[in-house]
Amino acid sequence: MTILENIQTEIQQPYYRQNFANDGQRFVAWYMRNIHLLDQCQTKDAVTDGANDKQIDAVYIDEDEQKIYVVQGKYYTGDSINAEPVREVISSWTQFYDLSKLQENANEKLKRKIAEIANALEEDSYCVCFELVTTSMFSPEAERDIEMFQARLAENDDSDLNALFSAVDRDGLQELYNRVLEQTNPVLNYIVTLPQGKYLNAEISQTKVLIVAMPLKECIKLPGIKDGTLFQKNVRQSLGINNTVNKKIKKTINDPNKCHDFFFFHNGITAICNKMENLGSDTFKFYGLNVVNGCQSLNTILSCSENVKKRDDSYVLIRFYEIPQRDRADSISINTNTQSAVKARDLRSNSKQVLRLKKAYEQKYPDGFFATKRGEQVPADKDKALTIDLSLLGKELMAWYMQRPNLSYGETKIFDKYFSTLFKKDYLPEDVYALNFWMNKILSAWSEENPLGLNDILLTMKAYAPYHMLFAVSAIFAQCNNQTNVPAPSECFRLAKDNSLADVVMAIAANCLNNAIVSEQTSSEQNGRTFIPQNWVKSKASISGIQSAIINYFSFLPSMNVDMFKQLHSGLKMDPVHFSYRVQADD
């Protein structure tokens, strides 16, 4: 079955037919679900196609990767797509340099998405990724227009908009789909024929080493640059092409008088593989290829691909190492990235606070595992239910101890601005375990089955709202004990478990979270304001809304269900010694 036949079959499923008006919208929804791996609620929220969509069919903000995906789909069953619809799309995207103008005549859903985009871009760390996707092939005229737009983005040094552009035709769609099927950790194997006299094959410290002066035009052929799979072991993915270093890289590439010196200007790229095989005739095969230093450079080189193809005299130094040992590979990844600024959240795994917490937790729970590094695999002899992820824990600490779930979505703030404040406390391993229990229970309810009856808007905000629900759990225990301080997670867990009240607490938290967001939405509509859920969950208004909903719930509970009221107040009764002051943050 071809990719087009596969899409045509799948978009006839009830989900697509019931939620999207035509095959064009269904194709975009299919793309968001199958390539970006969004769930049903997230997909429905992301699709903006319709009247006054400004040639923008979907918008999705990936908070973890700090990327804003702006998607336009062209669902054609013919052999090719001509230049006219491509020009319409590109013309619309140029309006991103003036978001207020773009928002003026947009439909209501797109207006809300543009507000979310503007809010994200205020942090200066987000990259806008334009994606033009079609089930057909681009005509030569369309390809020329795509190349021109790509070049325009690459050469616009003065813009504050950090942007990338990719065009995916039918063949590219098939490749992406196949790669997703191989995920989550695809193994990239690659065969390359190297230019004679421009490589050195050696063995250093019992390790196979291949040092190559690689033509830039060969670099853009490396698999996995566009979707990031080539950089699985890198400490970070692409930051866009408009930061200071990448601007210099593209400036050199685009200057025909300087590009021949690219080899001398660049520090080089480091790649590792599980196995390196010399096939003879200057040809090598790499098994399990990963670039651990050079993600930014390769993405920038790819963004200038049309000029790169013309550079016959431009090279870059690439070092290939055969490193099958995982711990050694991780060490190389970290050490080869220290020459440029690596954000604190990538390096906190070695801080004393984290190592102390890891040691205490793993001593308390021998079957447990505390993962401090990105991509760290859980050992086979460890219980996955007892696994703690440092990034997730930081977000939980922010929501529970700092009582600021509106800040939990951002790793940057947690591991940069608030790290010393948040992690200076000696947390008990029992509390770490309890936070993991509550969060796992919350996330298991964030599903298409929606067992707690969460508002549809909340289901689309899985990157934000679960931490508000965790905050609600802590606030419920505080309310039952007439406290304004923060309860110990471990004592909350013990009481809920001993009295079989964990599910009851979860249901109340979901109810209050629903009431809080509905109340805010109603208030906005009554006052003629556009309600933007993502802005609400990022503001302190969400905290006060949840607290008010909890107070109201317990105020009415005695008259509605006196037995439940008594059960909660007796079953969740806690000694004041288990409460502590909120960890202070700069508001």
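The values are calculated or read from the model by the stated rules, or taken from the named source; none is laboratory data. Remember, it's a predicted structure, so these values are computed and weren't measured experimentally. Quick reminder, even Gly has a Cβ in these numbers, built from the backbone with ideal geometry, and neighbours come from all protein chains shown. Note: areas computed on protein heavy atoms with side chains; ligands, DNA, RNA excluded. Shrake-Rupley method; radii C 1.70, N 1.55, O 1.52, S 1.80 Å.
Table for the structure above
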item	result
Region 532-543 residues that are closer than 15 Å to Ala472 by Cα, paired with ones that are open to solvent by 10 Å² or more (accessible area, probe 1.4 Å) and part of a loop (DSSP other than H, G, I, E, B) (beta carbon under 6 Å, 6 or more apart)	Val537/Tyr464
Selection status of Pro533, open to solvent by less than 10 Å² (accessible area, probe 1.4 Å), of a type outside the set (A, V, I, L, M, F, W, C) and out of contact with any strand residue (DSSP E or B) (no Cβ under 6 Å at 6 or more places or on another chain)	yes
Criterion (part of a loop (DSSP other than H, G, I, E, B), under 20 Å from Phe370 (Cβ atoms) and either within 28 Å of the chain's Cα centre (by Cα) or in contact (Cβ under 8 Å) with a residue 40 or more places away in the chain (or both)) met by exactly one of Asp426, Asp431	Asp426
Test: Gln66 is under 16 Å from the mean Cα position of the chain (by Cα) and closer than 19 Å to Asp456 by Cα	no
Residue match in region 11-31 (condition: surrounded by 18 or more Cβ atoms within 10 Å (Cβ to Cβ) and closer than 28 Å to Glu411 by Cβ)	yes
Helices (runs of 4 or more DSSP H) wholly inside region 27-113 containing at least 1 residues that are within 20 Å of Met137 (Cα to Cα)	83-93
Residue match in region 390-398 (condition: open to solvent by 30 Å² or more (accessible area, probe 1.4 Å), out of contact with any Pro (no Cβ under 7 Å at 6 or more places or on another chain) and in a strand (DSSP E or B))	no
Phe565 being aromatic (Phe, Trp, Tyr), crowded, with 16+ Cβ neighbours inside 10 Å and free of Cβ contacts under 8 Å to residues at least 24 places away in the same chain	yes
Given (1) modelled with pLDDT of 85 or more; (2) farther than 30 Å from Gly280 by Cβ, number of the condition Asn162 does not satisfy	(1)
Qualifying positions in region 481-503 - closer than 11 Å to Leu572 by Cα and surrounded by fewer than 22 Cβ atoms within 10 Å (Cβ to Cβ)	Asn481, Glu491, Phe493, Arg494, Leu495, Lys497, Asp498, Asn499, Ser500, Leu501, Ala502
Selection status of Gln150, in a helix (DSSP H, G or I), touching a strand residue (DSSP E or B) at 6+ places or on another chain (Cβ under 8 Å), in contact (Cβ under 8 Å) with a residue 12 or more places away in the chain and among the polar types (S, T, N, Q)	yes
Selection status of Leu132, over 19 Å from the mean Cα position of the chain (by Cα), outside any helix (DSSP H, G or I), buried (at least 16 other Cβ atoms within 10 Å of the Cβ) and at pLDDT 90 or above	yes
Answer from Ile68, Ile56, Ile61 - the residue that is touching a residue at least 24 places away in the same chain (Cβ under 8 Å), open to solvent by less than 10 Å² (accessible area, probe 1.4 Å) and within 17 Å of Gln534 (Cα to Cα)	Ile68
Residue check, Ile476 open to solvent by less than 70 Å² (accessible area, probe 1.4 Å) and under 30 Å from the mean Cα position of the chain (by Cα)	no
Matching residues in region 544-560 - criterion: being more than 18 Å from Val473 (Cα to Cα) and either touching a helix residue (DSSP H, G or I) at 6+ places or on another chain (Cβ under 9 Å) or among the small types (Gly, Ala, Ser) (or both)	Pro558, Ser559
Selection within region 81-107 - open to solvent by 50 Å² or more (accessible area, probe 1.4 Å), closer than 17 Å to Thr135 by Cα and free of Cβ contacts under 8 Å to residues at least 60 places away in the same chain	Glu84
Scan of region 231-260 for residues that are at pLDDT 75 or above and touching a Cys at 6+ places or on another chain (Cβ under 8 Å), ordered by number	Phe231, Lys250, Thr252, Ile253, Asn254
Hey, Ile517 crowded, with 18+ Cβ neighbours inside 10 Å, touching a Leu at 6+ places or on another chain (Cβ under 7 Å) and hydrophobic (A, V, I, L, M, F, W, C) or not	yes
Where a residue in region 449-460 is in contact (Cβ under 8 Å) with a residue 60 or more places away in the chain and its partner, wherever it lies, is open to solvent by 30 Å² or more (accessible area, probe 1.4 Å) and not in a helix (DSSP H, G or I), with Cβ under 6 Å and at least six apart	none
Condition met for Arg112 (over 23 Å from Leu153 (Cβ atoms), of a type in the set (Lys, Arg), surrounded by fewer than 17 Cβ atoms within 10 Å (Cβ to Cβ) and at pLDDT 85 or above)	no
Count - residues of region 203-222 that are open to solvent by 50 Å² or more (accessible area, probe 1.4 Å) and over 14 Å from Glu322 (Cβ atoms)	2
Region 14-28 residues that are free of Cβ contacts under 8 Å to residues at least 24 places away in the same chain, paired with ones that are surrounded by 12 or more Cβ atoms within 10 Å (Cβ to Cβ) and of a type in the set (Gly, Ala, Ser) (beta carbon under 7 Å, 6 or more apart)	Tyr16/Ala29
Among the candidates Glu123, Glu147, Glu155, residue that is touching a Gly at 6+ places or on another chain (Cβ under 9 Å), open to solvent by 30 Å² or more (accessible area, probe 1.4 Å) and within 28 Å of Ile249 (Cα to Cα)	Glu123
Region 528-561: number of residues that are part of a helix (DSSP H, G or I) and touching an Asp or Glu at 6+ places or on another chain (Cβ under 9 Å)	7
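Residues checked against (1) modelled with pLDDT under 65; (2) polar (S, T, N, Q); (3) open to solvent by 40 Å² or more (accessible area, probe 1.4 Å):
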| site | (1), (2), (3) |
| --- | --- |
| Lys309 | no, no, yes |
| Ser314 | no, yes, no |
| Ile332 | no, no, no |
| Ser349 | no, yes, no |
